[in-house]
Amino acid sequence: MKVCKFGGTSMADGNVILSVAKILEADPSRRYVVVSAPGKRFGGDMKVTDMLYKFASAIESGDKNAYEEIFGKIRTRFLSIQTEIGTDMGMQAELDEIYATALDGAGADYCASRGEYLSAKIMSAVLGVPFVDPTEFIRFNENGVLSEETFDLAKAVLSRYPRAVVPGFYGLGADGKIKTFSRGGSDITGSIVARGASVSLYENWTDVSGFYACDPRIVNSPKNIPELSYQELRELSYMGANVLHSESIFPVRSAGIPIRICNTFRPDDAGTYIVKTHKRKVGENIVTGVAGKKDFTVISLEKSMMNSEVGFVGKVLSVIEKRQISFEHLPSGIDTMSLVIDNEYLKNGVLEEIIEDFREVVKPDRLYTHENIALVATVGHGMANSVGTSARLFKALAEAGINVIMIDQGSSEMNIIVGVDNKDCERCIRAIYNEFFN
Ligand code: ASP
């Protein structure tokens, strides 16, 4: 059995939806379907989810003209899908109900979730397969984190359906209201359904033929990655390779269910397989991929004898914990330690405030910051056993004239992360790609 998740571009209009139905009908083992809200049909078009968020904030601010206008566009979008498919799927009544519930104060998560909900209603009608609402099994705890009970519930609910269409992106919060995952979260729903239904493969259908060794907007026609491990995927997608949501591997990982990335618009392409252990074939690159993410700040603390000061790290972390700030990396030396933090957390004077706190709490000899840093990760299990990988990487960066501000090598030896100035991010990725792939 397979679960197939279709992303926004695969649901963008009636004609694409009909081609998705053909993909599903071509393989009877494709039993469970998870869908995103309709995405962009052309450059400059608006994703339905973005429209729904706009709708929710217009309601919130009480701007009647604005919410009527944007809901009009959402309505047109779904009605035209219905017309293109050529069957009345009850869209008009569904939209009326959504509009009324939203105006009744259902909130932003409810509004945002309706794109997936309607997409699934459409897909269910096209395929003649039951619609199953994810609020029946996806549960979040009081902290908004996916709750473990989800997996048993998913198993129990899905066992009643030999085939089902499930909307992505949402579940039920601890308060009994609809709650969404973070953006792109339908991938996580796909993964939950895959584990709940104990399938042998999770096919994630999108508009690219799998993962590339780096972002095609940075390097022309980069190599396709035929196979990568869950861990490599996690590193690459966390660092901005946004083919798949970085959290979507967790539900399938423990069950060992492989994910295949497929292209709805080129269904015969091999795509990329994401598996538990990626066995490198002879002659395969030692690096699997390179990805980068901009806009971080590095806060470095220096203090003599830091290594022997018991509780030093605890004090440092208490400063950011107090403000609910999480850090990305924590490279350290004998007398130095740096915190790498997403700029998002440091806006509106927060950076200055935590610097003050550090001075007070840990009394460093020196404290300095590097703002607007990009992190670039070079990822691959093959790197662990290959002598000279770092030398090649840093030589390539030196030759490209790129100043490396920070280095962090994961203890698994499957990644080397460098911090460079935001403006050097693309050049850095290109230099590393050319060194290992050309
Ligand atoms: N529609 C949601 C978004 O745009 C979720 C998803 O597509 O996965 O983020």
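Laboratory data are not the source of any read-out in this text; all were calculated from the coordinates shown. Here the structure is a predicted model, which means the values were calculated and not measured. Virtual Cβ from ideal backbone geometry, glycine too; neighbours counted across all protein chains shown.
Would you tally the net charge around THR277, using a Cβ to Cβ cut-off of less than 11 Å, leaving THR277 out, and scoring K and R as +1, D and E as -1?
On the way: positive: LYS276, LYS279, ARG280; negative: GLU227, GLU232.
For residues surrounding THR277, the net value is +1.
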Which one, ASN372, GLY349, VAL310, is farthest towards the positive end of the dipole of the stretch 297-376 when Lys and Arg carry +1 and Asp and Glu -1 on their Cβ? VAL310
Apply the a/c threshold of 1.5 to the C-alpha gyration tensor of the stretch 95-143 and tell me whether it is rounded, prolate or oblate. oblate
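How much length, in nm to one decimal, is gained on full extension between ASN307 and GLN409, taken as 0.36 nm per residue of separation minus their Cα-Cα distance? Show your work: numbers first, answer last.
Values: separation 102, 0.36 × 102 = 36.72 nm, distance 1.95 nm.
Using 0.36 nm per residue and subtracting the Cα-Cα distance, I get 34.8 nm.
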Show me the three semi-axes of the equivalent ellipsoid for the stretch 365-409, from the C-alpha gyration tensor (sqrt of 5 times each eigenvalue), largest first, rounded to whole Å. 24, 14, 10
Which shape class applies to the stretch 23-177: rounded if a/c is under 1.5, otherwise prolate when a/b exceeds b/c and oblate if not, where a ≥ b ≥ c are the square roots of the Cα gyration tensor eigenvalues? oblate
Taking square-rooted eigenvalues a ≥ b ≥ c of the alpha carbon gyration tensor, is the stretch 109-201 rounded, prolate or oblate, where a/c under 1.5 means rounded and, failing that, a/b exceeding b/c means prolate? oblate
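Report the Stokes-Einstein translational diffusion coefficient (µm² s⁻¹, integer) for the chain, Rh taken as the Kirkwood radius over Cα pairs, at 4 °C with viscosity 1.567 mPa s. Intermediate results must be reported in sequence, preceding the final value.
Values: Rh = 23.7 Å.
My calculation gives 55 µm²/s for D.
Based on DSSP, what percent of beta bridges with both residues in the chain are antiparallel, to the nearest 5? Please list the in-between numbers first.
Working: 39 of 63 bridges.
Of all bridge pairs located within the chain, approximately 60 percent are antiparallel.
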CD proxy, 222 nm, the chain: helix-only mean residue ellipticity via -39,500 (n - 2.57) per DSSP H run with n ≥ 4, per residue, nearest 500, stands at -12000 deg cm²/dmol
State, as an integer percentage, the relative contact order of the stretch 1-56 based on alpha-carbon contacts under 8 Å between residues 6 or more apart. 42
Give a quick list of trypsin sites (Lys or Arg not before Pro) in the stretch 84-193 that DSSP marks as loop, anything other than H, G, I, E or B, with at most 10 other Cβ atoms within 10 Å. ARG160
So if I restrict to the alpha-carbon atoms in the stretch 268-390, what is the Rg, and what is Dmax, the biggest pairwise distance, in Å? 19.0, 61
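I'd like the FRET efficiency for SER57 and THR87, computed as 1/(1 + (r/R0)^6) with the beta carbon distance as r and R0 of 35 Å, rounded to 0.05.
E(calc), rounded to 0.05, equals 0.60.
Run the numbers on the chain and let me know its relative contact order in percent, using alpha-carbon pairs under 8 Å that are six or more apart.
Working: 869 pairs, mean separation 56.7, N = 438.
For the chain, the relative contact order is 13 percent.
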